[in-house]
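This report concerns only the one structure given below.
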Amino acid sequence: MEYVYAALLVHKAGGEITEDAIKAVLNAANVDVEDTRVKALVSALEGIDIDDALSKATVIPQAAPAAAG
Amino acid sequence: MEYVYAALLVHKAGGEITEDAIKAVLNAANVDVEDTRVKALVSALEGIDIDDALSKATVIPQAAPAAAG
Amino acid sequence: MEYVYAALLVHKAGGEITEDAIKAVLNAANVDVEDTRVKALVSALEGIDIDDALSKATVIPQAAPAAAG
Amino acid sequence: MEYVYAALLVHKAGGEITEDAIKAVLNAANVDVEDTRVKALVSALEGIDIDDALSKATVIPQAAPAAAG
Amino acid sequence: MEYVYAALLVHKAGGEITEDAIKAVLNAANVDVEDTRVKALVSALEGIDIDDALSKATVIPQAAPAAAG
Amino acid sequence: MEYVYAALLVHKAGGEITEDAIKAVLNAANVDVEDTRVKALVSALEGIDIDDALSKATVIPQAAPAAAG
Amino acid sequence: MTESDVARGGVRHTTHIPQWKLDEVAEIKRLIEEYNVFGLVALRGISSGQLQKIRRETRGKLVIKVARNNLIRRALTDIGGEVTKMIDYIEDQTAIVYSNLNPFKLYDILESMKVPAPIKGGTVSPIDITIEKGPTPFNPGPIVGELQKAGIPAAIEGGKVVIKTTKTVVHAGETVSKELASMLTRLEIYPLTVGLDVRAIYEDGMVFEPEMLVIDVAATVAKLAQGYHDAFNLAMHCAYPTDETIIPLIQKAFKEGYTLALEGAIPAPAIIGDLLQRAHRDLIQIASLLADTDALDEDLKA
């Protein structure tokens, strides 16, 4: 989920979600960045209105994957 | 929420949540960092088991009608 | 349920749900296509607003795989 | 969700979830395929028992408030 | 609500809710204090265990599934 | 939460939320004031329309941590 | 009630004031001085028996003195200052209640001493009086006619006298007839509440009227909860970490990440299972619309 948090952060900071922006944040967090995943993330978020998506009331899975990446 | 995202990102990346770590991430996201907010957040997170909190996060405070209380 | 996935896929890809479109997708997935079933599906979906139907899907996965990741 | 639908379709058709298989299906549905998203999905699905994951889908009413978009 | 905020503040600060304590806080906030309201509030709070009242009053039926708790 | 109560009080009393205003209220409540937290709060509230925030779809606390400091 | 027993004399503005009046004014002043709190209460409608009972049961907590209005006025005027605000509450028949309890407790005690009382014929009712339908203690007889004559819808049913329908027999402000008052009493309906009725309580420069003295615990708790919610919401809204909000803030960030990943169909390892289930859910949703057609595979038919 690091990639997603990075995207959220960039978005909330008012920036555009680009590969470079995401990579910069992940690097700063010492994440070992996989280009493919960054590209995939940016591509997946392209058509998404993030604020709109966040306003959706999603129920969290019961067993939150605490240990999950 | 930028500060909180940054903390979560650092945590998920396996790092320790320190002022420096959070600031580095925020800077990378071009957030105009307010030192005191970083300090306040790090201080509040002391003693908090984030994974535990997330595993209990099954019922997230939902948007609820203002009628409450 | 391959046929329904094929229909969903065609729809989400922005295409029109026709027999040819469904067949093409099923063929690509190496499904042994039954023409009558494709006909029945296309016919049954006529007049159905798929986006509307999906937005009403008021159920969310409950037990997420905690070990995921 | 197109990518996920495609993956499930391939799986239900008895095929193995490979990049090529997913791409073939997406192409047949005229999706403008992003290679990295296919890679990311296939990578995420590695080691996942899909039937098992779906069988856990004991769906529950969302009970989300009207706020739900 | 100023009077109530003042009472909550005094309480949270570990102080006893007395007329003087409430008045001091309100004065510091430049509220034009009405003695009778202070007296009425202090008197009303006499028999109330604030921590208890808050812990009971804030558990409001959530728009969330049974997981609540 | 003392700091937040103080901010609410200052705001409701018609005052501007400044470090001095919040400190004055906290001092009156015998809170051992931490400058960092005051600064962090004032910074966090910058640009926030408090009345609007309060009137908006409110988030309900899960359960008031009665014992919480 | 020795005060009312003393020789009556018209209140005139005269240079000569009888000693007993001077003594009484001095006593009022002394008691106001001595106690933290005093209240002016209405005496009308209270029996001397009930007054004695109240005195007995509140002994040690409060002192009740009946006094002439003009002497009370005189004493308050003599004391001067804020106390004179209480002069506005002197009317009709007045008693002074002195206490060291706070005004709210004092009010509470006086209210708790009130008892139900019958209403007298010929008086104006301060409230609506409603008779509920149902059985009465009476056996059939002339009573039925008397009840009906008083405007009460009585009848005989199953060998007993009953009230047929619920009826408001007197509205607030209307005069109660002698017949009705008598029947109400025979039905053991006591519509009035009689006791020492607080007009105002004075403490330390402050005058409290009855509506200010009612303590509503539920409303107070609700306000506390509202105050807490306000603080919690504001802190959440501006992401300010406190002991109460830090965990919800983390959870909120987590939820937002999860939501975004799900909405964007981002195959993060943590949510891949949820994505699969969501796709499956979509399938089921569409399939459910096709339930009665030939479009479904066997595996989607129930």
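Name the residue from G:Leu289, G:Asn233, G:Leu275 whose Cα lies farthest towards the positive end of the charge dipole of region G:219-300, charges +1 on Cβ of Lys and Arg and -1 on Cβ of Asp and Glu. Working it through, the farthest residue towards the positive pole turns out to be G:Asn233. When the GluC sites (Glu not before Pro) in region G:124-168 are filtered for DSSP coil states and for at most 11 other beta-carbon atoms within 10 Å of their beta-carbon, the remaining sites are G:Glu132.
For the protein assembly as shown, the average shadow cast by the Cα convex hull is 44.9 nm², which is a quarter of the hull's surface. Residue by residue along D:45-54, Cβ atoms of other protein chains within 10 Å of the local Cβ number 5 on average. Find the percent of Cα-Cα distances in chain G that exceed 25 Å, and round it to a whole number. Pairs farther apart than 25 Å: 71 percent.
From the Cα gyration tensor of region G:79-197, with a ≥ b ≥ c the square roots of its eigenvalues, which class applies: rounded if a/c is under 1.5, or else prolate if a/b is larger than b/c, or else oblate? In terms of gyration-tensor shape, prolate. Neighbour counting of Cβ atoms within 10 Å sorts the residues C:His11, G:His171, fewest neighbours leading, into G:His171, C:His11. Only Lys, Arg, Asp and Glu carry charge here, each on its Cβ (+1 for the first two, -1 for the last two); on that basis chain G has a dipole of about 2020 debye about its Cα centre. Across chain G, the longest run free of exposed loop sites, meaning trypsin sites (Lys or Arg not before Pro) lying outside DSSP classes H, G, I, E and B with no more than 11 other Cβ atoms within 10 Å, spans G:134-300. Working from label points 7 Å from Cα in the Cα-to-Cβ sense, the G:Val66 to G:His171 distance is 3.6 nm. In the protein assembly as shown, helical runs assigned H by DSSP with n ≥ 4 each contribute -39500 (n - 2.57); averaged across all residues and rounded to the nearest 500, the mean residue ellipticity at 222 nm is -15000 deg cm²/dmol. Taking Cα centre as origin and charging only the Cβ of basic (Lys, Arg, +1) and acidic (Asp, Glu, -1) residues, the dipole magnitude of region B:2-49 rounds to 100 debye.
If one takes the longest principal axis of the Cα atoms in chain G, at what angle in degrees, from 0 to 90 and to the nearest 10, does the Cα axis of helix G:19-34 lie? It works out to around 20 degrees. Would any residue of region G:66-88 have its amide N under 17 Å from a label point 7 Å out along Cα→Cβ of G:Asp23? List them or say none. Counting only backbone N, you get G:66-68, G:71-72. Placing +1 on each Lys and Arg Cβ and -1 on each Asp and Glu Cβ, with no other charges, gives the protein assembly as shown a dipole about its Cα centre of roughly 4820 debye.
Counting Cβ atoms of other protein chains within 10 Å of each Cβ in A:29-42 and taking the mean gives 6. The GluC sites (Glu not before Pro) of region G:165-271 meeting both criteria, a DSSP state outside H, G, I, E and B (loop) and at most 10 other C-beta atoms within 10 angstrom of the site's C-beta, are G:Glu188.
For the protein assembly as shown, the residue among A:Leu9, G:Ile163, D:Met1 whose Cα projects farthest onto the positive side of the dipole built from Cβ charges is G:Ile163.
Readers should treat all values here as calculations from the given coordinates under stated rules, not as data from a laboratory. All figures in this text were calculated on a predicted structure; none of them were measured in a lab. Cβ atoms come from the backbone with ideal geometry, glycine included; neighbour counts cover every protein chain shown.
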